[in-house]
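Novice: What follows is a single structure, and I will ask about it in a moment.
The values are calculated or read from the model by the stated rules, or taken from the named source; none is laboratory data. Values in this document were obtained by computation on a predicted structure and should not be read as measured data. Here the Cβ positions follow ideal geometry from the backbone for every residue, glycine too, while neighbour counts run over all protein chains shown. These accessible areas exclude ligands, DNA and RNA; they are computed on the full protein's heavy atoms, side chains included. Shrake-Rupley method; radii C 1.70, N 1.55, O 1.52, S 1.80 Å.
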Amino acid sequence: PKIAIVVPAAGVGSRMQLSHPKQYLDIAGKTVLEHTLDKMLHIPAVSMIAVAVSEQDAYFADLNINSRRIIRTPGGQERSDSVLNALNRLVEYAPDWVLVHDAARPLVTASDITQLMTQCIHKGQGGILAAKVKDTIKRGNEYSLGTVPRDELWQALTPQMFPFEALRAALKSALLNNVKITDEASAMEWNNEPVQLIAGRSDNIKITTPEDYALACFLISQQQK
Ligand code: C5P
């Protein structure tokens, strides 16, 4: 099958309180986004990679990216807008499947990606990498209103892999109906489409806070050993 990738990288990283977005932080001599794109370029059989980048972004043009398989697409207001823009651009390549992977997750492993792709293609249904929740989860604000049973709870990771046109249609209709979409799977769920949960490594973290960045630096140094 023909496979495309979308890498949403148009966030401003406000939770990091930094002068520049988190996808351009340096880890071991390369930006987070370059680490992520290196991983994407090593996935076999991928035809095109669309990177959603904000139009105000002054860093992307200076990256050391020399693959003709990578194209830049304009970012949107929300992550889901960035992804839908990129999908619309990829229509001309007519992919069968698309993997969407956060720019801010440079730690994903090749073996987790292979697991996800094998399972989705074998079943003919989309799916996401996910990790079982390990902590005890509370609901509430100032006081706990109760404990949520965690045996059915998963943390949604990326990549998320779906049939290309099904995801594009699902995102379009979810956005038209003002549904709050924080990952691709939520758009598919809203459209009553199946989403397989494929157990992935919990160290496939999304760099959001300074603590995540410190941990990512350590984990990359371990991966490079
Ligand atoms: O903000 P959050 O951590 O959820 O962002 C996840 C990913 O989505 C990041 O890689 C970020 O760059 C991207 N994003 C985007 N367009 C937006 C907001 C976030 O591509 N409008």
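Novice: Return one whole number: the accessible area per residue of the stretch 1-111 in Å², for a 1.4 Å probe.
Specialist: 45
Novice: Quick check: net charge around Ala170, other residues with Cβ under 12 Å of its Cβ, Lys/Arg +1 and Asp/Glu -1?
Specialist: Once positives and negatives cancel, what remains is -3.
Novice: For the stretch 121-214, report the accessible area per residue in Å² (1.4 Å probe, heavy atoms, rounded to an integer).
Specialist: About 59 Å² of surface per residue is accessible.
Novice: A further question follows. Sort out the exposed loop chymotrypsin sites (Phe, Trp or Tyr not before Pro) in the chain (DSSP loop, at most 16 other Cβ within 10 Å) and tell me the longest stretch that has none.
Specialist: In the chain, the maximal stretch lacking such sites is 60-142.
Novice: Right, here's the next one. Give the long-range amide H neighbours of Arg72: residues separated by 5 or more places, or on another chain, with amide H under 5 Å away, using H modelled in the peptide plane at 1.01 Å from N.
Specialist: When sequence neighbours closer than 5 places are left aside, the close amide H contacts are Val51.
Novice: Accessible area of the stretch 99-225 with a 1.4 Å probe: how many percent of it is carbon plus sulfur?
Specialist: The nonpolar share, carbon plus sulfur, comes to 51 percent.
Novice: Ranked from the most accessible area to the least, with a 1.4 Å probe and all protein chains present, what is the order of Cys120, Cys217?
Specialist: Most to least solvent-accessible, the answer reads Cys217, Cys120.
Novice: Give me the net charge of Ser202's neighbourhood, meaning all other residues with Cβ under 9 Å from the Cβ of Ser202; Lys, Arg count +1, Asp, Glu -1.
Specialist: +2
Novice: Of the lysine pairs in the stretch 3-223, how many meet both conditions: Cα atoms under 24 Å apart, and a spacing of 8 or more in sequence or different chains?
Specialist: 16
Novice: Apply 1/(1 + (r/R0)^6) to the Cβ-Cβ distance of Glu78 and Ser47, taking R0 = 25 Å, and write down the FRET efficiency to the nearest 0.05.
Specialist: Efficiency computed from Cβ-Cβ geometry: 0.40.
Novice: Would you tally the net charge around Tyr24, using a Cβ to Cβ cut-off of less than 13 Å, leaving Tyr24 out, and scoring K and R as +1, D and E as -1?
Specialist: -2
Novice: So what is the calculated 222 nm ellipticity per residue for the chain, using -39500 (n - 2.57) for each DSSP H run with n of 4 or more, over all residues, to the nearest 500 deg cm²/dmol?
Specialist: Result for the chain: -9500 deg cm²/dmol, rounded to the nearest 500.
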